[in-house]
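All remarks here apply to the structure that follows.
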Amino acid sequence: MSSFYLTTPIYYASGEPHIGHAYTTILADVIARYRRRAGQDVLFLTGTDEHGQKIQEAAAEQGMSPLELCDLMAGRFEEAWEELGISHDRFIRTTEAEHRAVVAALLERLRDNGLIYEAEYAGWYSVGQERYFTEKEIGPGRVDPIAGGPVRRIREKNWFFRMSRFRQRLIRHIEDNPEWIVPVGRRNEVLGFLDQPLADLSISRPRARIHWGIPLPWDDSQVTYVWVDALTNYLTASGAIDPAAPKGERGFGDLRPSRWPADVHLMGKDILTTHAVYWPTLLMGADLPLPRRILAHGWWVVGDTKMSKSLGNVVDPIGLRERFGADAVRWYLMREMSTGQDASYAPERFLARYDELANVLGNLAHRALSMVRRYRGGCVPGAAAGGLARETEAALAAYRRGLEGYRLHEGFAAAMNLARGANGFVEAREPWALARDPERRGELDRTLATLVRTLAVLAAMFEPVAPTRARKLAARLGLDAVPLFAELDALRVGGLSVTVGTPLFPRAEPVPPTRGADSC
Ligand code: ME8
């Protein structure tokens, strides 16, 4: 069985989970569920980023110790993910002892490789982004260019990683691997960034300023820069480095058989540079393989401003879940945003996407199952389910291309189109008319079998995005579980005993019943 390791960013434990965090995590969950359904052995990692000045200051403001705040917030993220149906395999916290030891081992290796030196540094630091910006980046207004927050002038002694040495090698890697950073626009952004000389990376902060961090193994007056600490989580969770093993000559011993390298790191475009420049050069410096792919998605915006905690315009995904259910939130986020582009959150678009679930997929299920009950006593006829064969095959192929090529919106559009096509098939066949004509019994049987088979395929296609309703749909079809993709060809629907039940997606607002449902 092939394996698949995917990661989300680890979220700052200083703020509540919002719809932006939910988006990345749901995106990862949908990919993870899809890969599992396609038969892969998946490791899906998420977690919280718990060190650094941002956390230290947030805890102080709330009168808590940093660890108390992190415990509280890690719990909040875990609860939110539970409520949104996230199926992660591991939730990592950077305050875990194993992670702290892996960070120390990685730094030692970089140092033993001659890539670390000490120097005085002066620059503009944004606590919001936990990084320095250049004079040019902050512009005349002196604000952080990502969220517009304040920057502080800081002059201090730091340890540095010789990142500049890896510029050419990184450019070559990006050029030789056109799909390493997706979508392509983001890849070009990184190449543009690398057109400029690449500075060395400050990897530590004086403990006198920030006490909440992982001490450098060779200088405990300094703590590890929080981005170096945070990025290393991907390696910790892979199991590649055994921090308890005797230390090798260069920071750590041989790598353990593990999940490293990751198949894909997912993140928002705000943190592409850290993932596509800092992280791979650190890995190169430590002689470790690079992740296989980096996917940077767009932002959810309100009007034309990024949704962000500091701007106070965040949408609470849990509030939406309470009203419409987790599957509807997941569907909206995946369907509405072209993977990679920005999208604007709008309540009326949420309702429109919900109506699509109710009126196309929900309606199809309700009509088809009601007709099996009405015309065949709830037992699916054993006739050949050959109708819609070409449409189903084409939809499955487009869907799989979309999910494997990280264009999820296209995959789900194909799934929804199949459901729409199946509703059209009902209108064209007019089963209610067939039912009145005893000579067309066989035709009615084939129509009903086709509809049930199509619904089984749709349950498989929707499971990654709408797992609860897909399972419900499969159960209504009389199946024990949502079929895996490999099981679809051999699936026989004849003899299944269906139940109609209440609508899968109760209508958000009353709308008149459709013609087909009326007639049967
Ligand atoms: O950056 N639209 O954590 P963070 C879409 N701890 N996605 C959004 C979003 C929006 N409006 N706002 C946030 C950090 N996100 C670091 C990461 S990883 C080694 C360390 C998502 O809590 C998006 O994935 O600020 C973004 O990259 C992430 O949340 C940032 O979360």
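The values are calculated or read from the model by the stated rules, or taken from the named source; none is laboratory data. On a predicted model such as this, the values are computed, not experimentally measured, just so you know. Note that each Cβ is placed from the backbone with ideal geometry, even for glycine, and that neighbours are counted across all protein chains shown. Accessible surface areas use protein heavy atoms only, side chains included; no ligands, DNA or RNA. Shrake-Rupley method; radii C 1.70, N 1.55, O 1.52, S 1.80 Å.
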Take the residues in segment 19-40 that are open to solvent by 10 Å² or more (accessible area, probe 1.4 Å) and more than 7 Å from the ligand (Cβ to nearest atom), then tell me which one is nearest to Val482 (Cα to Cα). Arg37
Would you check if Val151 is crowded, with 18+ Cβ neighbours inside 10 Å, within 16 Å of the ligand (Cβ to nearest atom), in contact (Cβ under 8 Å) with a residue 24 or more places away in the chain and closer than 16 Å to Gly52 by Cβ? no
Considering segment 1-12 alone, what residues qualify as being within 8 Å of the ligand (Cβ to nearest atom) and either farther than 17 Å from Arg93 by Cβ or among the aliphatic types (A, V, I, L, M) (or both)? Ile10
Looking at Gly15, Gly85, Gly75, Gly52 in this structure, which one is buried (at least 22 other Cβ atoms within 10 Å of the Cβ) and either of a type in the set (Gly, Ala, Ser) or away from the ligand (no atom under 15 Å from the Cβ) (or both)? Gly52
Odd one out for Val42 among (1) within 28 Å of the chain's Cα centre (by Cα); (2) part of a loop (DSSP other than H, G, I, E, B); (3) more than 24 Å from Tyr132 (Cβ to Cβ): (2)
Is there a residue being within 29 Å of the chain's Cα centre (by Cα) and under 27 Å from Glu404 (Cα atoms) anywhere in segment 447-454? yes
Can you tell me which residues in segment 2-12 are crowded, with 20+ Cβ neighbours inside 10 Å and hydroxyl-bearing (Ser, Thr, Tyr)? Tyr5, Thr7, Thr8, Tyr11, Tyr12
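Here is a yes/no grid of residues against (1) free of Cβ contacts under 8 Å to residues at least 12 places away in the same chain; (2) part of a strand (DSSP E or B):
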position: Thr48; (1), (2): no, yes
position: Ala60; (1), (2): yes, no
position: Cys70; (1), (2): no, no
position: Arg76; (1), (2): no, no
position: His88; (1), (2): no, no
Of all residues making up segment 122-134, the number that are away from the ligand (no atom under 16 Å from the Cβ) and of a type in the set (A, V, I, L, M, F, W, C): 2
Residues that are within 12 Å of the ligand (Cβ to nearest atom), more than 20 Å from Gly185 (Cα to Cα) and surrounded by fewer than 18 Cβ atoms within 10 Å (Cβ to Cβ), drawn from segment 266-304: Val302
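Evaluate the following for Ser65: is it polar (S, T, N, Q), at pLDDT 95 or above and touching a helix residue (DSSP H, G or I) at 6+ places or on another chain (Cβ under 8 Å)?
yes
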Of the conditions (1) in contact (Cβ under 8 Å) with a residue 12 or more places away in the chain; (2) out of contact with any Leu (no Cβ under 8 Å at 6 or more places or on another chain); (3) on the phi < 0 side of the Ramachandran plot, the single one that Gly239 does not satisfy is (3)
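Residue-wise test of (1) within 16 Å of the ligand (Cβ to nearest atom); (2) part of a strand (DSSP E or B); (3) open to solvent by 70 Å² or more (accessible area, probe 1.4 Å).
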residue: Phe91; (1), (2), (3): yes, yes, no
residue: His99; (1), (2), (3): yes, no, no
residue: Glu120; (1), (2), (3): no, yes, yes
residue: Lys136; (1), (2), (3): no, no, yes
residue: Ala147; (1), (2), (3): yes, no, no
residue: Arg155; (1), (2), (3): no, yes, yes
residue: Ile174; (1), (2), (3): no, no, no
residue: Arg186; (1), (2), (3): yes, no, no
residue: Asp195; (1), (2), (3): no, no, yes
Only one of Ala352, Ala262 is part of a loop (DSSP other than H, G, I, E, B), more than 10 Å from the ligand (Cβ to nearest atom) and out of contact with any Cys (no Cβ under 6 Å at 6 or more places or on another chain), namely Ala262
Can you give me the number of residues within segment 305-325 that are in contact with a Phe, Trp or Tyr (Cβ under 7 Å, 6 or more places away or on another chain) and either open to solvent by 30 Å² or more (accessible area, probe 1.4 Å) or modelled with pLDDT of 85 or more (or both)? 2
Going by what's in this entry, would Pro178 be described as away from the ligand (no atom under 16 Å from the Cβ), open to solvent by 70 Å² or more (accessible area, probe 1.4 Å) and closer than 28 Å to Tyr406 by Cβ? yes
Report, ordered by the first and then the second residue, all pairs with beta carbons closer than 7 Å, sequence separation of six or more or different chains, a first member in segment 193-220 that is in contact (Cβ under 8 Å) with a residue 60 or more places away in the chain, and a second member that is of a type in the set (Val, Ile, Thr) and open to solvent by 20 Å² or more (accessible area, probe 1.4 Å). Phe193/Thr273; Leu194/Ile171
Considering only residues of segment 1-21 that are modelled with pLDDT of 95 or more and among the hydrophobic types (A, V, I, L, M, F, W, C), which is nearest to Asp327 (Cα to Cα)? Leu6
